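The values are calculated or read from the model by the stated rules, or taken from the named source; none is laboratory data. No experiment lies behind these values; they were computed from the predicted model shown. Positions of Cβ are generated from backbone atoms using ideal geometry, with glycine treated the same way; all protein chains shown enter the neighbour counts.
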Amino acid sequence: MTTGTRQAREALDVLRPWNFLAEQECSAEGTITAVNTVFLTNRECPWRCVMCDLWKNTLPTSLPAGAIPAQIEYAIARLPAAPVIKLYNSGSFFDPRAIPVADYPAIARLLEGFQRVIVECHPALIGDSCFRFQELIAGRLEVALGLETVHPEGLRKLNKGMTLEQFSSVTGALRGHGVDLRTFILVQPPFLSESEGLRWTLKSLDCAMSCGSTAASLIPTRPGNPALDELAARGEFAPPRIETLEACQEYGLGLRQGRVFADLWDLERFSVCAHCYEKRYNRLQEMNLRQTIAPTFECPHCGDRT
C-alpha cells in the first residue's frame, strides 16, 4: 500500500526534549504514584508502522553523542521529584543509532534518583544493550513493547516487522533478566471491522498478560496520518468509539492479571456525544488510577450505557 504525502516535521532542538510532563499512575503495588514522562527528540524509527504518527516529532538523522543526556537533564531540572520516569523516544531506546551506547553511563547517572525507569523499544532490538543498561541504572527497568494486535494478518499488514513468536520469545528473555514488561495494544487497528477489532483487542490483552505484562496500555488507533487516511477512504479503517475503549479496559481489569491503562490523549475525537464525553473521560481516568471497574451510567442523549 502507499503511505500518502506526509506533512512537514516539527522544528526540533537536538538538546531539548520535544515535550515533558508530570503525571500520576497506579503502581504495581496499587498506589497512585508520581511519574515524570520525557519525550526525547530523536531519529525516526526505521520500521514506519502503518498506524504510527510519531515521526512528526522526530529528526531524519541520528543525534550527536551527549545530546540525549542533555535532553534528560533539561527535563529533570524542570519537573517535580518523582519515583518513576518514562523515557520515550518515538522509536527504540536500544537502537544504537537512536541512543548511543556510549551515552548509557551519563544517562544512568541522571537517573540515580528514580526507583523505576521505563523505556520503549521494538522487540527486535532487545538484547545485550538492554541488559547492559539495566546493570547501570539504580532503579528497576521496565521496557514497553508494541504488541499492537495478535491478529496475524493484521499484524503483518501494520508493517511492524515482528511475529507473535518473536514477541513471546523476547518477553521471556526480559522476564529471565528481571526486567518488567509493559505492552502497547491498539484498540481497533486497521484492516478489522469494529466487531473484529474489539474481539482481537481482547485477545491481545489475553496475550499480553500471558506473556507476563505488568501493565498494558490501550491506545485508540488515531486517524490523521496519510496511511490511515488512505485506508479509511478505502473502507479498511475506522477509528474506535470511546465506548469500545471502555469495553476493552473493563475486560482487561476483569482479568486481574496486571494493570490496564486507557490512553486518554486527544480522547474527545473518539466521542460522538458531547453530553456524556466528560463523564466517560472521568470514568476512564478513574479506572486508570484505581484499577477497578468504575460504576456505569446511561446517557439520556445518545442512549449508550456505560
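For the range 256-281, which positions are out of contact with any His (no Cβ under 8 Å at 6 or more places or on another chain) and over 22 Å from residue 201 (Cβ atoms)?
Once the filter is applied, which keeps residues that are out of contact with any His (no Cβ under 8 Å at 6 or more places or on another chain) and over 22 Å from residue 201 (Cβ atoms), the range 256-281 yields 274, 278, 279.
Check off (1) under 21 Å from residue 26 (Cβ atoms); (2) assigned by TED's automatic domain parsing to the domain that holds residue 241 for residue 224 and give me the number that stays unchecked.
Just one mismatch for residue 224, condition (1).
Please tell me if residue 174 is out of contact with any strand residue (DSSP E or B) (no Cβ under 7 Å at 6 or more places or on another chain) and modelled with pLDDT of 95 or more.
Taking the combined requirement at face value, the residue does not satisfy it.
Rundown of residues vs (1) in the same structural domain as residue 259 (by TED's automatic domain parsing); (2) touching a helix residue (DSSP H, G or I) at 6+ places or on another chain (Cβ under 8 Å), yes/no style:
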position	(1), (2)
125	no, no
148	no, yes
155	no, yes
198	yes, yes
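Of (1) more than 18 Å from residue 207 (Cα to Cα); (2) crowded, with 21+ Cβ neighbours inside 10 Å; (3) of a type outside the set (A, V, I, L, M); (4) in the same structural domain as residue 228 (by TED's automatic domain parsing), residue 133 satisfies all except one. Which?
Result: residue 133 fails condition (4) only.
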